[in-house]
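The values are calculated or read from the model by the stated rules, or taken from the named source; none is laboratory data. Only a predicted model underlies this, so the values are computations on that prediction, with no experimental measurement involved. Using ideal geometry, Cβ is built from the backbone for each residue, glycine included, and neighbour counts are taken over all protein chains shown.
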Amino acid sequence: PLQGLELADLGFRRSSLASGWRTATLTMPTDSVPEDFEYDDSAEACYIGNVVAFGTVFLSVFYCVVFAIGLVGNLLVVLALTNSKKPKSVTDIYLLNLALSDLLFVATLPFWTHYVLSEQGLHNALCKLTTAFFFIGFFGSIFFITVISIDRYLAIVLAANSMNNRTVQQGVTISLGVWAAAILVAAPQFMFTKEKENECLGDYPEVLQEIWPVLRNMEANLLGFLLPLLIMSYCYFRIIQTLFSCKNQKKAKAIKLILLVVVVFFLFWTPYNVMVFLETLKLYDFFPSCELRKELKLALSVSETVAFSHCCLNPLIYAFAGEKFRRYLYHLYGKCLAVLCGRPVHAGFSAARSQRSRQGSVLSSSFTYHTSDGGVSLL
């Protein structure tokens, strides 16, 4: 019966938080077993205290680092987009919402850090809200990355047909639809979450106790990874084909950036989703060995940290690669020097330099014109 404690989870196996690190089961003594008692080795409780101790320190430090970097990076994206005096493009709308979803995601990390370290856990209301914001931000980030890929496909591969369709108003409408989809998809992950005996975990009705964790894991694998990866791969494959057929001299740089987007997404999220799938198999007793279960739990936490740090890279990949964000950062750096050191802010981007930067951008000249998005941030 103690193995049931290891299956307690939050969302799609937040095992390192709600179910893994705070749950240490002890090996039961066997010296007082009656003679007529048939001992079952497979039912022996599994001691995971060493994994718990490692996770408490490791996760606390990691979540603090991800929170700091993700907060600063995504706030810079929001400030750059909201303070820009240039007309907003549909790409800017998607990038702004991507940054907001990442901010919603990282905002929950201090609460999870408190949850790991504190014996009191989280109060019921805070447990529900933190879990809900976590999964809404998680799926929102994945969905907006996918929407950005589709938008790039429309702007480059189907440029002639999409010039009148890719408007800011349409971008706002699609963004609202993506947020609604993120809430809808995230609902099964947190709808049964509650605080119970200082643990923040899923408390399912008896009829759903066996099937609901499996459905949640499948949803996370399919809608949170496989489907977005397939869409991104197809869109960027067609974009690369289009770039090879054009005469833009900077197309090599664009192709490298596209490959970076797909490869980083694949490398950061694949190990975690593989471990989520293995956790699903563990629900069906595919891994009876105690040592193997401990290794799976440890591997899940490590892959989880790698996957969650992807929110820190989104500003670098999707935003700061663009010229407008580099100019904003340079301007912000100059203002900081002016305030801290009393130095005047020099116009680092003169008219000639700005013109050269535009000419050297990845999708410049006539090709940028056909995308109807002259302020492209991603490419």
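Pick from the stretch 262-284 the residues that are among the β-branched types (Val, Ile, Thr) and out of contact with any Lys or Arg (no Cβ under 9 Å at 6 or more places or on another chain): which of them is surrounded by the fewest Cβ atoms within 10 Å (Cβ to Cβ)?
First, pick out the residues of the stretch 262-284 that are among the β-branched types (Val, Ile, Thr): 262-264, 270, 274, 276, 280.
Going one step further and asking which of them are out of contact with any Lys or Arg (no Cβ under 9 Å at 6 or more places or on another chain), we end up with 262-264, 270, 274.
Details: 262: 17, 263: 10, 264: 15, 270: 15, 274: 15.
Filtering the stretch 262-284 for residues that are among the β-branched types (Val, Ile, Thr) and out of contact with any Lys or Arg (no Cβ under 9 Å at 6 or more places or on another chain), the one surrounded by the fewest Cβ atoms within 10 Å (Cβ to Cβ) comes out as 263.
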**OP:** Enumerate the helices (runs of 4 or more DSSP H) found wholly within the stretch 104-189, keeping only those where 2 or more residues are more than 27 Å from residue 260 (Cβ to Cβ) and among the small types (Gly, Ala, Ser).
**Re:** 124-156
Original post:
Regarding residue 145, is this residue under 18 Å from the mean Cα position of the chain (by Cα) and more than 13 Å from residue 179 (Cβ to Cβ)?
Top reply: yes
Original post:
If the Cβ limit is 9 Å and pairs must be 6+ apart or interchain, which residue in the stretch 67-78 that is closer than 17 Å to residue 326 by Cβ and assigned to a helix (DSSP H, G or I) pairs with which residue that is at pLDDT 90 or above and charged (D, E, K, R)?
Top reply: 73/102; 74/102; 77/102
Original post:
When both residues are 6+ apart or on different chains and their Cβ atoms are under 7 Å apart, which pairs have a first residue that lies in the stretch 174-194 and is touching a residue at least 24 places away in the same chain (Cβ under 8 Å), and a second that is part of a helix (DSSP H, G or I) and of a type in the set (Val, Ile, Thr)?
Top reply: 174/147; 175/93; 178/147; 182/136; 183/136; 186/136; 190/131; 193/131
**OP:** Examine the stretch 201-221 for a residue that is among the hydrophobic types (A, V, I, L, M, F, W, C), touching a strand residue (DSSP E or B) at 6+ places or on another chain (Cβ under 9 Å) and farther than 24 Å from residue 265 by Cβ, and state whether such a residue exists.
**Re:** yes
Original post:
In the set 200, 235, which member is over 27 Å from residue 255 (Cα atoms) and surrounded by 13 or more Cβ atoms within 10 Å (Cβ to Cβ)?
Top reply: 200
Subject >> Condition broken by residue 57, with the remaining ones in (1) at pLDDT below 85; (2) over 19 Å from residue 287 (Cα atoms); (3) within 23 Å of the chain's Cα centre (by Cα); (4) crowded, with 17+ Cβ neighbours inside 10 Å satisfied >> reply: (4)
**OP:** Name every residue in the stretch 193-237 that is within 26 Å of residue 144 (Cα to Cα) and either at pLDDT below 85 or not in a helix (DSSP H, G or I) (or both), in order of residue number.
**Re:** 193
